[in-house]
Amino acid sequence: MEFFNADEWANIFALSGAEYIALTSKHHEGFCNWPSKYSFNWNSMEVGPKRDVVGELANAIRNKTKLHFGLYHSLYEWFHPLYLQDKANGYRTQNFVNDKTMPELYEIVNKYKPEVIWSDGDWEASSDYWQSKEFIAWLYNDSPVKDTVVTNDRWGNDSTCKHGGFLTCEDRYQPGITITYF
């Protein structure tokens, strides 16, 4: 991150012909590329670059391009103790979702106002566990991006290929379209 320059990245994205970008805000290991109040000291302001990477790129994209700014966000974290506890409980508890996942999602939407939210890490538990319906209802009805946001379909192991502005359909299935593999 020593050489990270958000303005240069924004320029490269714009020159490439892209229409939107989706930066990884957090992947499955749990490291946040923004100073999240819910990541304790495991974020880009406390460890590593000592910068708000998400904020810098969001500002550069909005101020220097016509691109839509988006964020990738992993619902789960491989080794987070609360997630492992919920998993051991057969997902009958939601401590990880209540204390980590949902607060982070609300935080990034309210702070950075992404027009694309690419959710991932959903495959082990249902959308009920992840509280996806409640979050998506807020996102499309009451959030600061309610009129512009699009999402993908990875909000629980029961939601893939069923809704969203982007269908990821792991087997390349697209409703109403026959796919040629070769």
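Out of Asn43, Asn33, Asn11, which single residue is within 16 Å of Arg62 (Cβ to Cβ), among the polar types (S, T, N, Q) and modelled with pLDDT of 95 or more?
Unique residue meeting the criteria: Asn11.
Among the residues that make up the range 8-17, is at least one of them part of a loop (DSSP other than H, G, I, E, B), without any contact (Cβ under 8 Å) to a residue 40 or more places away in the chain and of a type outside the set (S, T, N, Q)?
Yes, the range 8-17 contains at least one residue that is part of a loop (DSSP other than H, G, I, E, B), without any contact (Cβ under 8 Å) to a residue 40 or more places away in the chain and of a type outside the set (S, T, N, Q).
Can you work out which of the residues in the range 56-104 that are within 14 Å of the chain's Cα centre (by Cα) and charged (D, E, K, R) is farthest from Ser132 (Cα to Cα)?
Within the range 56-104, the match that is farthest from Ser132 (Cα to Cα) is Glu77.
Conditions first: (1) crowded, with 22+ Cβ neighbours inside 10 Å; (2) in contact with a Lys or Arg (Cβ under 8 Å, 6 or more places away or on another chain); (3) not β-branched (Val, Ile, Thr). Phe135 passes all but one, so which condition is the exception?
Here Phe135 meets the rest and fails (2).
Condition first: assigned to a loop (DSSP other than H, G, I, E, B), among the hydrophobic types (A, V, I, L, M, F, W, C) and either out of contact with any Phe, Trp or Tyr (no Cβ under 6 Å at 6 or more places or on another chain) or farther than 20 Å from Tyr83 by Cβ (or both). Now tell me which residues in the range 123-137 satisfy that.
Trp123
Taking Ile117 as meeting all but one of (1) outside any loop (DSSP other than H, G, I, E, B); (2) of a type in the set (Val, Ile, Thr); (3) surrounded by fewer than 19 Cβ atoms within 10 Å (Cβ to Cβ), write down the number of the exception.
(3)
Quick check on my filter: what residues within the range 94-114 are basic (Lys, Arg), on the phi < 0 side of the Ramachandran plot and either crowded, with 22+ Cβ neighbours inside 10 Å or out of contact with any Phe, Trp or Tyr (no Cβ under 6 Å at 6 or more places or on another chain) (or both)?
Result: Lys111, single match.
Among the residues of the range 138-158 satisfying the criterion of being outside any loop (DSSP other than H, G, I, E, B) and either touching an Asp or Glu at 6+ places or on another chain (Cβ under 8 Å) or aliphatic (A, V, I, L, M) (or both), which is surrounded by the fewest Cβ atoms within 10 Å (Cβ to Cβ)?
Val150
Quick check on this structure: which one of Cys169, Cys161 is touching a strand residue (DSSP E or B) at 6+ places or on another chain (Cβ under 9 Å), surrounded by 13 or more Cβ atoms within 10 Å (Cβ to Cβ), at pLDDT below 95 and more than 27 Å from Asn43 (Cα to Cα)?
Cys161
Quick grid of which residues meet (1) over 17 Å from Ser119 (Cβ atoms); (2) at pLDDT 95 or above; (3) surrounded by fewer than 22 Cβ atoms within 10 Å (Cβ to Cβ):
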| site | (1), (2), (3) |
| --- | --- |
| Glu19 | yes, yes, yes |
| Tyr38 | no, yes, yes |
| Pro49 | yes, no, yes |
| Ala58 | yes, yes, no |
| His68 | no, yes, yes |
| Leu84 | yes, yes, yes |
| Arg92 | yes, yes, yes |
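The values are calculated or read from the model by the stated rules, or taken from the named source; none is laboratory data. Computed from a predicted structure; not experimentally measured. Using ideal geometry, Cβ is built from the backbone for each residue, glycine included, and neighbour counts are taken over all protein chains shown.
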